[in-house]
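The values are calculated or read from the model by the stated rules, or taken from the named source; none is laboratory data. Everything numeric in this text was worked out from a predicted model, so none of it was measured. Methodologically, a virtual Cβ is constructed for each residue, glycine included, from the backbone with ideal geometry; neighbour enumeration extends over all protein chains shown. Areas reflect the complete protein model, heavy atoms only, side chains present, ligands, DNA and RNA absent. Shrake-Rupley method; radii C 1.70, N 1.55, O 1.52, S 1.80 Å.
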Amino acid sequence: MSLPKFDVIELRRSLLNWYAQTGRNLPWRNSSDPYQIWISEIMLQQTQVKTVIPYYQSWLEAFPTIHNLAEADLQTVLKLWQGLGYYARARNLHACAQQIVQQYNGVFPYELEAVLSLPGIGRTTAGGILSSAYNLPISILDGNVKRVLARLIALSVPPGKALKSLWELSDQLVDSNHPREFNQALMDLGATVCTPKTPNCSECPWTLYCQAYLLNLQSQIPMREISSPLPHKIIGVGVIWNQQGQILIDKRPAKGLLGGLWEFPGGKLEAGETLEECIKREIQEELAIEIEVKDHLMTLEHAYTHFKVTLNVYHCRYISGEPQPLESDEIRWVTLDEIDQFPFPKANEKIIAALKNNS
DNA sequence: GAAACGTGGAA
DNA sequence: TTTCCAAGTTT
């Protein structure tokens with residue numbers, strides 16, 4: 001699948017011209033610091049620009065250089081990342097910073113192979129960083145580019161089924177004279193003109209070449225990936241109070257879902273069980289303590305990427321036993337004043353807010 | 001190759 | 001309310 005050479009030249013020219021006139025002014029585009037560009041690329045994985053900007057700014061205030069990041073402790077890093085999601089990104093960023101300081105004297109590597117070997121950096125992020133920071137002609141294939149290119153060639157299958165062809169196309173198109181601007185332009189086109197629903201084809205520089213547009217199929221391409229329905233779990237959650245007015249929280253294991261974040265203990269409701277029984281059992285299994293389940297605090301819905309949960313939150317009274325971290329990394333008794341120091345996932349933040357309102 | 005991995009906004 | 005999906009990577 002290769003385009004005529006004339007078309008490639010004209011596609012580059014028209015896109016770069018469009019970008020020079022209408023490209024977005026984003027914070028990281030004003031920087032030539034590979035560290036800052038790297039941070040932005042990681043934050044932007046599966047995350048919209050609008051969401052990233054405030055995190056990006058407070059991150060750079062906390063960690064102005066890669067050395068500040070390398071020397072920070074992981075809990076501080078996770079606290080700054082709190083609410084952004086995909087927390088492995090923060091853990092990998094921290095590990096990367098330490099590796100780059102040791103292995104590359106703190107200078108982000110130039111070699112594609114070296115970049116790809118860093119944790120949390122795949123082909124698209126590597127191309128994004130190397131083209132943006134060092135102006136190297138490395139192609140990208142993020143969600144925007146997949147959609148733009150799928151429409152350009154009127155791809156008849158979901159992009160996930162044609163990754164090889166799409167990468168080849170992105171390789172063929174990237175302008176080796178202006179790789180930084182070209183890749184940024186391609187993503188801007190997808191984000192602002194060639195949008196998922198109702199694209200603004202009247203403002204597109206590629207209407208002369210876009211096969212989907214020429215066939216009037218732009219609303220049907222790209223084809224949808226098949227998605228399975230999300231399982232739904234009912235969860236019982238305990239806010240366990242002791243006589244000193246402290247609450248018991250636990251730190252999740254370092255890997256996996258919400259790894260390294262803190263939470264209120266609890267777990268999945270089993271068949272034939274009441275919520276009170278569920279919470280009492282889960283607390284016994286996770287922490288080896290006796291509690292009494294008291295008043296209902298709140299019920300909240302939350303959707304993760306691959307399942308949904310209903311959190312049924314109850315106040316509990318600590319009765320006996322020394323809490324053990326049987327299924328967590330660490331446990332702590334904390335007051336409501338101390339609790340803000342710990343990174344919590346979004347659903348738990350809502351519980352904390354409710355506790356503070358009631359007190 | 002499929003599933004795991006967060007959250008928010010739009011329709 | 002539900003579904004889609006956004007600057008993807010890892011296992």
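Compute the label zone of A:L217 within segment A:172-193: residues whose backbone N is under 17 Å from the point 7 Å along Cα-to-Cβ.
Once the point is set 7 Å along Cα→Cβ of A:L217, nothing inside segment A:172-193 turns out to lie under 17 Å by backbone N.
Which Cα, out of A:V239, A:A303, A:L336, lies furthest along the positive dipole direction of segment A:232-358 (beta carbon charges, K/R +1, D/E -1)?
Checking the options against the dipole of segment A:232-358, the answer is A:A303.
Whenever you get a sec, line up A:C204, A:C316 from highest to lowest accessible area (probe 1.4 Å, protein heavy atoms).
Descending order: A:C204, A:C316.
Which shape class, rounded, prolate or oblate, goes with segment A:232-358 when its Cα gyration tensor gives a ≥ b ≥ c as root eigenvalues, a/c under 1.5 marks rounded, and past that a/b bigger than b/c marks prolate?
Rounded, because the longest to shortest axis ratio a/c is under 1.5.
Which net charge results when you count Lys and Arg as +1 and Asp and Glu as -1 among the other residues whose beta-carbon is under 10 Å from that of A:E263?
+1
Near A:K346, which aspartates and glutamates are there with a Cα under 14 Å away, not counting those fewer than 8 places off in the same chain?
A:E263, A:E301
Just subtract the alpha-carbon distance of A:K233 and A:S117 from 0.36 nm times their residue separation and send over the number in nm, one decimal.
Between A:K233 and A:S117, full extension yields an extra 38.1 nm.
What FRET efficiency comes out for A:K356 versus A:A88 if R0 is 45 angstrom and r is the Cβ-Cβ distance? Round to the nearest 0.05.
0.95
Taking the Cα centre of each part, how many Å lie between segment A:228-269 and segment A:307-359?
7
When the Cα atoms of chain A are enclosed in a convex hull and the volume is divided per residue, what value in Å³ results?
Spelled out: Cα convex hull of chain A, divided by residues, is 162 Å³.
Using 7 Å Cα-to-Cβ label points, what is the A:A254/A:L74 separation (nm, one decimal)?
0.4
In the structure displayed, which of A:K308/A:K356; A:K233/A:K356; A:K294/A:K350; A:K233/A:K350; A:K197/A:K308; A:K50/A:K233 lie more than 23 Å apart, Cα to Cα?
Table pairs above 23 Å Cα-Cα are A:K308/A:K356; A:K233/A:K356; A:K197/A:K308; A:K50/A:K233.
For segment A:255-359, which GluC sites (Glu not before Pro) are both in a DSSP coil and crowded by at most 16 other Cβ atoms within 10 Å?
A:E270, A:E273, A:E327, A:E338
Kindly express, to the nearest 10 degrees and within the range 0 to 90, the angle between helix A:49-62's C-alpha long axis and the longest C-alpha principal axis of chain A.
70
Rounded to the nearest 500 deg cm²/dmol, what is the calculated helix-only ellipticity per residue at 222 nm for chain A, with -39500 (n - 2.57) per DSSP H run of length n ≥ 4?
After summing the helix terms and dividing by the residues of chain A, the value is -12500 deg cm²/dmol.
With everything on Cα atoms, drop me the angle between helix A:34-43 and the longest principal axis of chain A, reported from 0 to 90° to the nearest 10.
70
Quick one: order A:W241, A:W28 from most to least accessible surface, probe 1.4 Å.
Largest to smallest exposure gives the sequence A:W241, A:W28.
Could you state how much accessible area A:H306 has, in square angstrom rounded to the nearest 10, with a 1.4 Å probe and all protein chains kept in place?
For A:H306, the solvent-accessible surface is approximately 110 Å².
So which trypsin sites (Lys or Arg not before Pro) in segment A:233-342 end up in coil per DSSP with only 15 or fewer other C-beta atoms within 10 Å?
Here the sparse-neighbourhood loop sites are A:K255.
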